[in-house]
Every structure is written in structure tokens, then in C-alpha cells.
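Below: the structure, in C-alpha cells.
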Amino acid sequence: MRRAYSVETVRAAEAALMQRLPEGELMRRAAAGLAVACGDLLRRNGRVYGSRVLLLVGSGDNGGDALYAGARLARRGAGVRALLLAPDRAHPGGLAALLAAGGQVVDGPDGLGVLDLVVDGITGIGGRGGLREDATGLLHTVTRDRTPVLSVDLPSGVEADTGEVHGDAVRADATVTFGTYKPGLLIDPAAEHAGALRLVDIGLGPELPEPPDLEALQYADVAALLPAPGPESDKYRRGVVGVVAGSERYPGAAVLAVAGALHGGAGAVRYVGPGADAVIARYPEALVHAGPPSEAGRVQAWVVGPGLGDGRGAEAAVADVLAADVPVLVDADGLRLLDAETVRTRTAPTVLTPHAGEAAALLGTAREEVEAGRLAAVRELAARYRATVLLKGSTTLVAEARDTPVRVNPTGTSWLATAGSGDVLSGLTGSLLAAGLAPRDAASVGAYLHGLAARHGSDGAPVSAQDVAEGIRAAWRDVRAG
């Protein structure tokens, strides 16, 4: 599992560790790992010996890491030059090490020629706000030939704790981070700036507290959570999920939500709504009922909302489902039709699955604010509605009302930006709720499988929601296989 901590927590852990280490040892460890990563990137594009490396060096320890790593590269035969953005505040030890190893300091970008690598050591995790205008201009100049950029700890200009980007920021091809991940490396829009991530172990682990601020499940974590039928399983033990979806205008939403539930491992699916004929035509194993949901039969969880529209009875159907004493997932039109106080006072778990626009409506704010501050938005939604919230997007986030780490899904892909994909996710997550997974786990595993399924479904070509649904089983097998 990838775990991320706030800057304050990282600083405290570093301070505790440095008390037990010789002076400068922590920076030496960071610089050694950074130099190895730079070397790997240079070899991938050519060689280390004779390569041309430019260090963009800010003040403080971030610039010091870059300088010490540059010294190591210079000793391996690379031509390393440093451009100091704050010459009077450059790390003295790092600068001395670079010069002693044969590196050079340059006054500006003129005359640098073609570069093989630019190392971004401008601000790191201590920076606030976007890049200054002079740094932005410099960066554009030295990368105009598409020179690879490697950032030290965090792309300069992004917010480490929130993933927000206020102004210009470095867009790195790779980022080497030290000790632990930072939230901004995993959450968009900042994550889009980080490129490939590499974590360097500097011994910080024992100093980091539990729980982390953010976590991202990996294959082994998801495999451990996937439900599996036992010898005594029947359809009820495997989980029966009820789906209230679709309308005369949006019959496909019913089919896609049922598809997600069936491919997600539900023992049975009870469908309630006007799309029964379309559902049975595609999935004859589905159990259908005209409604209301409370009279459809036994379920272990409900999914309500996809394609429900504004037709007669839609609001009543949402209210009927929310009155059930089982976990309920609310999506799409259901989010617009729900009563907030009803959600807050439910005794059974509730999962809300908005995209940014729906989240903005629930919060009474602008969509742009949600997209710019995704972490704050998902936490506020979970607290305000006392629910588990899955905020869909380029990096899907899952938060609970209680004090547990926010989870970020690492399998997201732009192929999921297609009509009906969210309906599939709702059915899939609902099936996991019905199987007995806790709401946070069901939402996290559902998002993870959903992302993998899109990759299977696309096969390098444009993907449809039906492709995503059919890719769930392959995703499930991949996770099981590790």
C-alpha cells in the first residue's frame, strides 16, 4: 500500500530521525537515491558518462539534495551544471561538493546547448503557491527541446498537502520522493505534474505515525479484500444487490448498472424500474420487479440513481431505498433527489458516488472549486452527509465521515470518461457492499477494478461502458493472480 503524509508530519519524522544520525546523513541518503534515479533515466535515454545535466537549484534542503546528487553524477562522468535561483541561499555543503566533483555553476540558460536531463530542485515540499515568474520563464527555456525533467521530492509549484496547483508548476517526467509519499503526488491536479514516481527509503518509516493522511491500495491489498464464495455459499451468502436505475429516457443505465453488479460477483441482482425488458433481454438471470423497492424482495445492499431521471416516482424510489436497513449506494440522479437529513440520520451505511459537478451541487459551490481542491471536497462531503463518499475523477478519492485515511485510486484512466461508465461502477460497488465489504473497502475495491477493467476493455482502442463492464472479470483475475 502506498501511504502519504502531510508536510508537517514528514518534518517531525525527519527531525526525530536526524537526532539519531550523524550530521548530514539524511541528506546523503536522499542524494544517493536521487543520483541513482537520475542515472537510470539517463541510461534509458543514452548514457550517464558524457551526458549533460542541468540542476535548477533553489534555497534550502531541496536544492541541497540536487547539488549533492549532481556531485555524484559528476564523479561518474556526467557534465553537471547548476543554475542557482537564490545564489546567496544555496546549500553551502552541496555547492562545495558539486564544485569539488568537477561540476560548474552557470549564471543563466544561455549557451547551455542540448541537455539530457533537467533536475528540478527549486522548491520541493516547503513551497507554497505557484512558481515565480522568473522560475517559470527559466524552466520553459531549458525544456523547450522536450528535455526530460526529474523533480526532487515534489514538482516545484504544486501543493504537497492538498494536490492543488495555484499558478505555474513544473511538469516532471519523473519525481523522486524521500521517506514517504506526499498527498500532492497522488491527487490531481498536482499528480498530473509528477510523472513516474519513485520512493527512496531514507529510514523514515519507524518515525511515521499511524494512520497516514492518505493511502492508495495496490494489487495485494485489493486481492486480500476481494470476496470469495466458500463451500457453503449460496446466492444470499454471496450477496444480493438491488438496483433501482433507468427510466424511459435512459433505459441503458439500468442495463449497465446491472452489468456492473453481475460482473462484480453478486450472487443475484434484483432490478426495480421501468427497464425490466431491456435488463432481462441482456441478463436473463436478473430478478425484476415493478416496484416499489421495499416490496422487491430480500437484498443485502441497494444501488439507486443511475439514469433515474425526473419521472413520476423517482424521488419516492430514492426515499424508499434510503429507508431500508441495509447499505445503500446513491449515484447520479439519486444524488439530486436525496434528502440530506435522511442520509445523515441513517443507521445503515450510505455511499455517495458523485463526479465533480454533482459534488459541487451537494456542497453548494462551483465545479471548478471541487476540481481544484479534490481532497478538501471529498472530506467535506463525507463529514457533511455522514457518509462514505467516492469522488469520481482522474484520481478517484474515497473518504469516510470518521477519521480514517482518505484513499486514492491508482488505476484511473481517461478511458473511463465515457457515457455509462459511472453506472457500471455503481453496480460493481453495490455488489461488493452486498458481499459484506465495509463501505470504504467496497468503494476502494470497486474503483480499483473499474480502472483495470477499462484498460482491459480498451485494448488500446476507444472504450465504451459495456467494454468496461465486460472487462471487470479480467480485472478480477489479474488482481487474484497478483
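Coordinate-derived values only; no laboratory data. Since this is a predicted model, take the numbers as computed values, not measurements. Here the Cβ positions follow ideal geometry from the backbone for every residue, glycine too, while neighbour counts run over all protein chains shown.
Structural remarks
- Dipole-positive endmost among Thr395, Ala228, Ala278 within region 219-481 (Cβ charges, Cα centre): Ala228
- Amide H to amide H, with H built 1.01 Å from N, Val303 comes under 5 Å of Gly242, Val243, Val244, Leu329, counting only residues 5 or more places away or on other chains.
- Dipole orientation for the chain: of the candidates Gly305, Ala332, Val255, Val255 has the Cα lying most toward the positive pole (charges on Cβ; Lys, Arg +1; Asp, Glu -1).
- Those chymotrypsin sites (Phe, Trp or Tyr not before Pro) in region 1-81 that DSSP places in a loop and that have at most 14 other beta carbons within 10 Å: Tyr49
- Shape call, region 243-323: gyration tensor on alpha carbons, a/c limit 1.5: oblate
- Counting DSSP beta bridges with both ends in region 2-215, the antiparallel % (nearest 5): 10
- Rounded to the nearest 5, the antiparallel percentage of DSSP beta bridges internal to the chain is 15%.
- Relative to the Cα centre, the charge distribution of region 16-102, modelled as +1 at Lys and Arg Cβ and -1 at Asp and Glu Cβ, gives a dipole magnitude of about 440 debye.
- Calculated [222 nm] ellipticity per residue, helices only, for the chain: -12000 deg cm²/dmol; basis is -39500 (n - 2.57) per DSSP H run with n ≥ 4, divided by all residues, nearest 500.
- Of the DSSP H helices in the chain, those that are both long (alpha-carbon extent of 15 Å or more along the helix axis) and hydrophobic (Kyte-Doolittle mean at least 1.0) are 251-263.
- With contacts taken as Cα pairs under 8 Å and at least 6 residues apart, the chain reaches a relative contact order of 12 percent.
- In terms of other Cβ atoms within 10 Å, Met1, Met27, Met18 run from fewest to most in the order Met1, Met18, Met27.
- Inter-site label distance for Glu295 and Asp40 at 7 Å from Cα along Cβ, in nm: 6.2
- Trypsin sites (Lys or Arg not before Pro) within region 386-418, DSSP loop, no more than 14 other Cβ atoms inside 10 Å: Arg402
- Size of electric dipole in the chain: Cβ of Lys, Arg +1 and of Asp, Glu -1, about Cα centre, debye, nearest 20: 1120
- Estimated vicinal HN-Hα couplings, Hz - region 281-289 in sequence order (Karplus 6.51, -1.76, 1.60; Gly, Pro = x): 4, 8, 9, x, 6, 5, 9, 10, 8
- Counting only Cα atoms, region 217-289 measures 41, 29, 16 Å along its principal axes, largest extent leading.
- Where a label projected 7 Å from the Cα of Asp325 along Cα→Cβ would reach, residues of region 336-366 with amide N under 12 Å: 347-348
- Restricting the trypsin sites (Lys or Arg not before Pro) of region 208-288 to loop positions (DSSP other than H, G, I, E, B) with no more than 13 neighbouring Cβ atoms within 10 Å leaves Arg249.
- The charge dipole of region 270-364, taken about the Cα centre with unit charges on the Cβ atoms of Lys, Arg (+1) and Asp, Glu (-1), comes to about 160 debye, rounded to the nearest 20.
- Whole-percent P(r), the chain, all Cα pairs, 20 Å bins from 0: 24, 46, 25, 6, 0.
- Cα shape, region 219-481, gyration tensor, a/c 1.5 rule: rounded
- Counting neighbouring beta carbons within 10 Å and listing from fewest to most, the residues Arg440, Arg379, Arg75 come out as Arg75, Arg379, Arg440.
- Built from the Cα atoms of region 2-215, the convex hull projects on average onto 10.7 nm², one quarter of its surface area.
- When region 2-215 is described by a simple charge dipole with +1 on each Lys and Arg Cβ and -1 on each Asp and Glu Cβ, the residue from Leu131, Ser51, Leu186 located farthest towards its positive end is Ser51.
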